[in-house]
Structure formats: structure tokens, C-alpha cells
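Bear in mind these aren't lab numbers, they're just calculated from the coordinates by the rules spelled out. All figures in this text were calculated on a predicted structure; none of them were measured in a lab. In this analysis, Cβ positions are derived from the backbone assuming ideal geometry, glycine residues included, and neighbour counts consider all displayed protein chains.
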Amino acid sequence: MPNDSKTFRIVGQNKEKVDARGILRGKPVYTEDFYPRDALIVKVVHSPYAHALITRIDKSAALDIPGVVEILTYEDVPRIPYTRAGQGYPEPSPYDTVLLDHKMRFVGDTAALVIAENERAARMGVKALKIDYEVLEPVLDFEKSMSPSAPIIHDQKDSKGIYEPSRNIASHYETTIGDVEGLLARSPVQIEATYYYPKSQQVALENHCTYAYLDPQERLTLVSSTQVPFHGRRILSKILQTPPGKIRVIKPRIGSGFGSKQGLFTEGYAALACLKTGKPVCLSFNREETFTCTYTRHDMRVTVRLGAELDGRLNVIDMYSLSNTGAYGDHALTVAMGCGSKTLPLYNKVKAVRFVTDIVYTNLPNAGAYRGYGAPQGLLALDGALDELAARLNRDPLEIKAINSIREGETSPIFQIMGEGREGVPQIAASCKLGECIEIGKVAFDWAKKRKNAGWDRRTVDTVRGVGCALAMQGSGIAKVDMASATLKMNDDGTFNLLVGATDLGTGSDTILSQIAAEALGIPVENIIVYSSDTDMTPFDVGAYASSTTYVSGNAVLDAANKVKASIRRAAAALFEIDEELVEVTDGCVKNLQNGKTLTFAELCTLCFYGANQHQICETGSYVGDESPIPFMATFIEVEIDLKTGKITPIETLSVVDCGTALNPALAEGQVKGATLQALGTALFEELKFSETGKPINASLFRYKILDRSSFGKVTALLAESYEPTGPFGAKSVSEIGINTPTVALLNAVYHATGIRFHRLPLAPQTVFNALKGKA
Amino acid sequence: MEIRVNVNGVEKRWNVEPSELLVDVLRDNGYKSVKKGCGSADCGTCTVLVDGRAVLSCSVFAASVSGKTIETLEGLGTDQQLHPIQQAFLDAAAFQCGFCAPGLIMATKELLEKEPALTEDQIRHELSGNLCRCSGYENQVKAISGLMDKKREGA
């Protein structure tokens, strides 16, 4: 089978993105480009208070405005608790949300929906709607959420799955392997460090948007910028009390997501408005709404305790994370578990390990999925603590991290114990080139030389430079949970329709899935016509998250391709009237090995349509991972710090990644580079900020800055040679891992340059300047 | 009020409200390449050319461009023959989600005409207003630099 061969013709090539030409020509491809002209406009009326109860609603003035069609509040919908998190069923997130509620839990929470004939009327309706609130005391500091005196955010009786509502704890998890306290006490070197990861945001350039209409058969159809069309259909079915078969969700091109679209925001409101009015509706969030009313990163306080020998070998790791899920518990447990499960196995040589997490509510915008999914937060503390260990022992931190880290053929008990909100599965790192990543990076970055260059005298210099490193891992889908499927349908010109539930959100998954199909069938990639993410037309897929598409959806495509190849062989054998073993399927042809006669795929399919043995050659493949193969990465960074201002400038960031076979190296490198920039932004300045009453104060791209193209130095992504035996043509994931390391590597580099170890991101110039002043 | 504009070489007469923004009027009239990423002149996705100059159409009243020439991405290249900027970005695998592409391509067109001899650092600086969250920027900058090299060689 093609899976055994490591020489490829289409896989491993930088094939053009299948959607690139349309995008470059400016064709309408995104959700908003297709809004029906006659669609009603839906606008959300947001709570001005962080914590409040709606006591009275007066719709009359708003309904009097010409063009306002309908106003919907909690009084107009049944109370059905659910989670907006687009996860497999049953979701590990608490059912703590209802579509429209009378209790407001953050500034921006949904108080009502205004539906109007045009934008202007909708805006006026929002202004005219009279809502009285009883204002409650908010909880804005997540370190105080569990305090007995803190107001209770989720005091409703109908929620399900909240760990301890009376203490504002959404979820809790703990696991211990071995004698943690005993080993800590007996270790000659002990480190304890607490780090804070900020509430940053995904900032997909396309805001959240959906339009909905009833098709001629009165079926609800949604076109939406979503990462989870199938989960979306399931969740909508529940909250709208409509069977899934009466709902269709279509995903066009997406203007990226990074996790922010792994939840239902505009979808539920648009669907409700469409059903209530019977008319097409559209709902677009503006940038401020995307900042405050979708997902953010879970900000966390993570404490790591290490016990080690004098030679730097780790005995024990103890990690505690306090996570802020904001107003609702979307992805609360799973992200916090990722904090441990996606970092601790990296350092698998320990004799004992403990991981405990509390995920608490606050009256702040909802945290949720964001690229990395807990790993960046966990790694900030774990890698930071290892860097502190190296400093204590006066050793090269790269060496300390290298000697303790996992290698090919090894395992970690964490794999089995910690999964996605439940038990995991045992697995061995069958492909692990972490050692190679370290060595390649060390040389390419010139680590040893750059490390030596540190040391400075503030009287003689204005700027100093330092270097830092970090190692990372991730997964490839959620083992035994994530399922993907793909259908290949043969056409009479030898092309194939590839129908996949997989959700390309800009990553290029449509392209690499086409490459997999083309490689397996031995035909040019141009002969694959890919169509993805339409719940009516494509088979099921969990969607684009957990770094699953390349591995899980890719294996589903490979399965479909192998099945369709078998069908082709069968059809040819019937036509040739020979045994199947005497048919060779190769290079888009079938060959009769008895007499050398060949038919092209086009000729074969034409015969199947119109000649003898008439039937459609079409097969569906599915895949669930028995394990979640781990990509690995080593990152090296050099920064320059202006001693007069405290400004940090990244000079060079170099990452070496083991993602198995890079199915499309240009796209794989792009994933790493893009993720690197998001992480550097978080390290340097990205953080959502709030007033004393919980009002967002930087929810715009003017105040919340992301890195522009002028200010991050050189970024390099190298790919280590690797082959994952269970992956499609040897591939593992690459979409998330790149965001895990640069934050902590930068923090380590600042320590190397200045001798000051920061424990809180972002490292704004003022923070650095003040610390430098304190040191002087 | 009525405005007269030339969009991608075609004369248009549009009735607009005085308060309407150029981005909305263009999108309402079918120029869907013009994107709205922030609505506050901070992301660059709505960049179009007005009389050859790159303009953020989310911060310009449609009424103010009456009598002017507007270029949007719809006017560049054909399905058979991409414009050289489009081809360069395609060859460089410069985009992932592509939402920023229309704005960046239009800003690049202006830059190539205005200042075709810039270093990579200068290109980064000049186009810093066109944000991209996916790509890491590098392939885009290299593509633009390559276009400038070609233009100089041709000149």
C-alpha cells in the first residue's frame, strides 16, 4: 500500500493552495460576501454591566422605530442549558449557558436581539430598547473567585456539570503519580516558580458572522464562519428544539479562527431570528464584539515545583494551574488539562508528577479555545522553572531541557491518565525527533556562541542582547474521540470529488487532503475536486481543532482513497473478465496484466456510467485515532532590550519542528511562522484589559495591538526529517505547536540579557523599565 | 445624493446617503473583495486605490470620492492571466486564510508604482498598516521585494 512507501510524488510538494486563485482575484468566498440582499439585520444588545439581573424590558419604543421587525429577549425563548463550546458529544464543558438569559455575567453579555429591515433601523432599535437592570457586585479578579465572600456567578438551578457553583469553580481536576512530596523533599535542588499568562485574543481578521434562511422545504440553513459545522448543527438542534435533519450548516472560506470559532456565537442568534421571523437574516459581529463576545485565551496562574539532582536530572514535577474561564465554562476543563497533558510528557524521566487545576468563573469575557489549548500557559511555567533550575545550577538551560526530555520510543504515564476532559490513551512516541530538533536548531541559531556574548555594563551600553530556548509538544487530534470521514466519488473524466467534513479555516487543509487523495490514487492533484464542511453534502468530521485535520481527517481521506482504489480494481476486473489480482491500478489507469490492455480512469468510469456493469464508483472512509501522535519543537530566540526605555525587540526566532512528513512544506512552515508571531505578540504586549467595573478598555485593533510586519526581526521555521508510522504518508500535526514556545523562550532570553526573571506576561516596556530601574 | 465614480475602468452613478462609508457602498454594489476587518482604520483589509492612492475605505465617506477613480482587486488580472502581483503572491504561498489579501494587494500596487526600489525593511515599514494574523508576513515581503527587483530590471 502507498502508506508503506516513503517516496512521494504529490505529498511533500508545495502544491498551490486549492483556494488561492479565487482569493487572490478577490472573488466572493467568505460568509459576508454571500449575505442575501433582502436579509434582515440582527444586532445584539449587550449588557453594560459585568454582573446584573434584567428586571424589566420595555420593547415599545424600539418596536415603534420604522424598520424594526422583532425584539427577542429571555422572555421569548425556552430555557435550555447548553455549552457554546464546539466539542464532541457529550461535551466536557458545563451546561451553564442559555441562548437568552435574564442574568448578565460580563460587560457585553447578550441582553436582547434586535431584528430590523436595515442596518440603520437595527442600530436605532438597539438604542431605543429600554432594559432595567439590578446591578450585582462583580468578580473581576480570578484569584479571588473562590473566596467565600465572592458573589456567585452561576446561581441558577438548571445548569449541569458545574463543579462547585457556590465557589465559582467551573471545573476541577487532579492527578498524582508517585510520591510527589517525598521526592521533592529528598531532591537536593528544588525550584518553585509561579507564572502568569495573560488574557490574549485570537484576532482572526474576519469577524464572527452568520446568515440564515429557510430553504424551500422550510429547512433552516446557516452559512457561517465556523470551525465546527457538525457540532454546530448538533448544538443548534438542541437549543432550537429542531431535529438535526432540519438544519444545514455550510462553511465557506473562513478568514481564520485560531480556536475563536470553535464555539457558537452568531450562529445561535441568527438561527433563532430566522426561525422567529421566517425570513433570511444576517448577523455580523464588529471588531469590538469579536474581542469581547467570543473567545479569549484562558489567563492562568501556574505554579511549578521541581525536584532535581545536582546534575540537573529531574526527579519530580508538581504543577498547579488556576485558570480564568470568564463568564462561562466553554473549554474550561479541557484547556486547563491541556496545560498539563500537553507539557508534562515532554519531561518524562521524572519519578513522580502531580497536576492539579481549578478553573474559576469571573465576570469577564468568555475564555475558550485558542491555538495551543492550554499548552502555552503550562509551558510558560514549566519551561520557565526549568530555566530557573539551569540558572541555579549554573548550566546551559538547553542542556538541562535536553537531558530531561522525551526521545523516540519512550512514553509517559500522563498519556494514559490525562485525555480530553477524561482518561487518555497509552501511547509511545513512535516518531520523536526532538533530539534532532535541538541539535539542528543549536547549530542553525549558533546557540553556544550567542549565549557566550551575554554580559554587559550598563555604564557603557544602551542596549543588551540575550538568548533563550524552549521545547514543546502538542497532539494530533483527540485519541479515541475525534472522528473524521471523507467520500471520494469518481467522475467520467477521471477526476474525483473529494467530500470532507474537515473544516479548512485558512490553514490549507483542503489542499493537503487533496494531495493525500491524489498521492494515494496516483493522479495529479488537479484531478481532485475538494468540497468541505457542509452538513448536507459532506460526511461527518468533528471540525478544525485539536490539531486534528492533517492526522485524523487525512487518515480518513487515505482510507477513502484505498477503498475507491479497490472499487476501481473490482470494476476493471469485471470489465476485463479477469481476477482482481491481475489488474494493476496505477497512474490514473487500470491495466490488464494478462494482455497489457489499459483503460484510463476516464474510460473506465465512462463505461461504468453508460456501458456494462453500470454503477457509481464512490467510497467513504472514516478514521478515529487510537493515539494522538505528538509533534515536537525546539525554539531559539534572541532579543535586544533598550535599557533606556525597557523596549524588547525580537532579533531572531528560530524553530525546528518535527511534524512527521510535511505534506506541503510551505503550508507547514506558514503555520509555524504565523503561530510564532501570535506568541511574540502575547509575550510583548497582547492583553485584554478591563476597567474597575469590568468594562473592556482596549477592545479594538487601535488599542489592542497585534504584530505588524515591521517589528519582529527574523523568523525561521525548519522542518526536521521525521515519519509517523500511523500518520497519512507519515504526517503529524503542525498547526498549534508553534505558539507554545516563543512566549517563554522570549522571557528566558530577557533573563539571559538582564538577569531579571519576569513571571508575568506581557513584557511591556514600562514593566521592563521599572524592573531595570529596580536592579540598578 | 448621487455620486459619479469610475470603478475599475467603468463609470458608475450611485445614490448614497451622506453618512455612508466607501467600504459599505463598494460592498453593496458587488465589490466584495473589499473587506471590513475592524471598521476603525487599523487593519488595512479595506484598502482600495482612489486616484491611484491607497485609501482605507472604512474611514472615507462615499460622498467624498465623487468624480474620482477607484480601483479594487476585482479590477486586477483575469481568470486566465493573473496580475503580476497576484502571481507573485501565489508563487510565494503568501497567504493562508487570505482575508487580508485584497487590501495588501492594492497597497502593494500603489507602493510598486510610487516607490519601486525599497529594501525588505522599507517594504515592511511601508506596508505595516496591512495586518495579517496567519502568515508570519515573510513570504509576502519576499514576493513584493521580488516584484520590485523585476520592475527595476525591466526599467
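Of the three principal axes defined by the Cα atoms of segment B:2-75, the extents in descending order read 29, 25, 20 Å.
Report summary: the helix-based calculation at 222 nm, which adds -39500 (n - 2.57) for every DSSP H run with n ≥ 4 and divides by the residues of chain B, gives -10000 deg cm²/dmol. Dipole orientation for segment A:128-254: of the candidates A:Ile169, A:Pro151, A:His208, A:His208 has the Cα lying most toward the positive pole (charges on Cβ; Lys, Arg +1; Asp, Glu -1).
Using packing as a proxy for protection, rank A:378-387, A:147-156 so that the peptide with the highest average count of other Cβ atoms within 10 Å comes first. If you can, show how the numbers build up before the last one.
Values: A:378-387: 28.3, A:147-156: 14.7.
Averaged packing, sorted descending, gives the order A:378-387, A:147-156.
Of the residues A:Ile250, A:Ser224, A:Ser260, the one whose Cα sits farthest toward the positive end of the charge dipole of segment A:218-290, with +1 on the Cβ of Lys and Arg and -1 on the Cβ of Asp and Glu, is A:Ile250.
Across all directions of projection, what mean area in square nanometres is found for the Cα convex hull of segment B:84-154? Don't skip to the answer; put the middle values down first.
Details: hull surface 16.5 nm².
So the Cα hull casts an average projection of 4.1 nm².
About its Cα centre, segment B:2-75 has a charge dipole of approximately 120 debye under the convention of +1 per Lys or Arg Cβ and -1 per Asp or Glu Cβ, with nothing else charged.
What's the FRET efficiency of A:Arg313 with A:Arg79 using the Cβ-Cβ distance as r and R₀ = 56 Å, to the nearest 0.05? For R0 = 56 Å, the calculated efficiency reads 0.50. Put a dot 7 Å past the Cα of A:Lys695, heading toward its Cβ, do the same for A:Ser711, and the two dots end up 2.6 nm apart.
The three principal axes of the C-alpha atoms in segment A:448-514 carry coordinate ranges of 76, 33, 21 Å, sorted with the longest axis first. When the convex hull of its Cα atoms is viewed from all sides, segment A:298-368 shows a mean projected area of 4.5 nm².
Remark on A:Ile617: its backbone amide H falls under 5 Å from those of A:Met490, a criterion applied only to residues 5 or more positions apart or on other chains, H modelled at 1.01 Å from N.
Relative protection proxy for A:582-595, A:505-518, from highest mean packing down: A:505-518, A:582-595 (other beta-carbon atoms within 10 angstrom). Using only Cα atoms, figure out Rg for the protein assembly as shown and give it as a multiple of 2.2 N^0.38 Å. This ratio for the protein assembly as shown stands at 0.94. With θ taken as phi - 60° and the Karplus curve 6.51 cos²θ - 1.76 cosθ + 1.60 applied, the whole-hertz 3J(HN,Hα) list for segment A:72-77 is 10, 9, 4, 6, 9, 10 Hz, x standing for glycine and proline.
When the helices in chain A are scored as -39500 (n - 2.57) per DSSP H run of 4 or longer and the sum is shared across all residues, what 222 nm value do you end up with, to the nearest 500 deg cm²/dmol?
Details: 19 runs with 207 residues, N = 776.
Taking each H run of at least 4 residues, the total per residue is -8000 deg cm²/dmol.
For A:Asp299, the residues whose amide H sits under 5 Å from its own are A:Asn324, ignoring neighbours fewer than 5 places away on the same chain, with H placed 1.01 Å from N. Modelled label positions at A:Glu218 and A:Glu410, each set 7 Å beyond Cα in the direction of Cβ, lie 6.3 nm from each other.
Counts of other chain beta carbons within 10 angstrom of each beta carbon in peptide A:202-214 average 3. Rounded to the nearest Hz, the phi-derived 3J(HN,Hα) couplings of segment A:632-637 under the Karplus curve 6.51 cos²θ - 1.76 cosθ + 1.60 (θ = phi - 60°) are 10, 7, 10, 10, 10, 9, where x marks glycine and proline.
Against chain B, whose longest principal axis comes from its Cα atoms, helix B:138-154 is set at around 90 degrees.
Shape class for segment A:5-160, computed from the alpha carbon gyration tensor (a ≥ b ≥ c): oblate, with a/c not under 1.5 and a/b at or below b/c. Phi angles of segment A:535-541 translate, via the Karplus equation with coefficients 6.51, -1.76, 1.60 and θ = phi - 60°, into HN-Hα couplings of 5, 7, 9, 10, x, 5, 7 Hz per residue; Gly and Pro are given as x.
Residue by residue through A:708-718, how many Cβ atoms from other chains fall within 10 Å of the Cβ on average?
5
Length gained on full extension, A:Leu63 to A:Glu16, computed as 0.36 nm times the residue gap minus the Cα-Cα distance: 11.8 nm. Within segment A:682-776, the GluC sites (Glu not before Pro) that combine a DSSP coil assignment with at most 14 other C-beta atoms in a 10 angstrom radius are A:Glu692, A:Glu721.
The length gained by stretching the chain between B:Arg4 and B:Gln81 to full extension, at 0.36 nm per residue less their Cα-Cα distance, is 24.8 nm. Restricting the trypsin sites (Lys or Arg not before Pro) of segment A:357-462 to loop positions (DSSP other than H, G, I, E, B) with no more than 15 neighbouring Cβ atoms within 10 Å leaves A:Arg395, A:Arg407, A:Arg422, A:Arg458, A:Arg459.
Counting Cβ atoms of other protein chains within 10 Å of each residue's Cβ and taking the mean over peptide B:39-49 gives 3.
Pairs A:Lys342/A:Lys689; A:Lys43/A:Lys103; A:Lys714/B:Lys109; A:Lys565/A:Lys591; A:Lys714/B:Lys114: which are spaced more than 21 Å apart, C-alpha to C-alpha? Going by Cα-Cα distance, A:Lys342/A:Lys689; A:Lys714/B:Lys109; A:Lys714/B:Lys114 fall outside the 21 Å limit. Each of A:Val126, A:Ala472, A:Gly506 was placed along the dipole of the protein assembly as shown (beta-carbon charges, centred on the mean Cα), and the one lying farthest toward the positive end is A:Val126.
Between A:Arg392 and B:Asn15, the modelled label-to-label distance comes to 7.7 nm, taking each label 7 Å out from Cα in the direction of the beta carbon.
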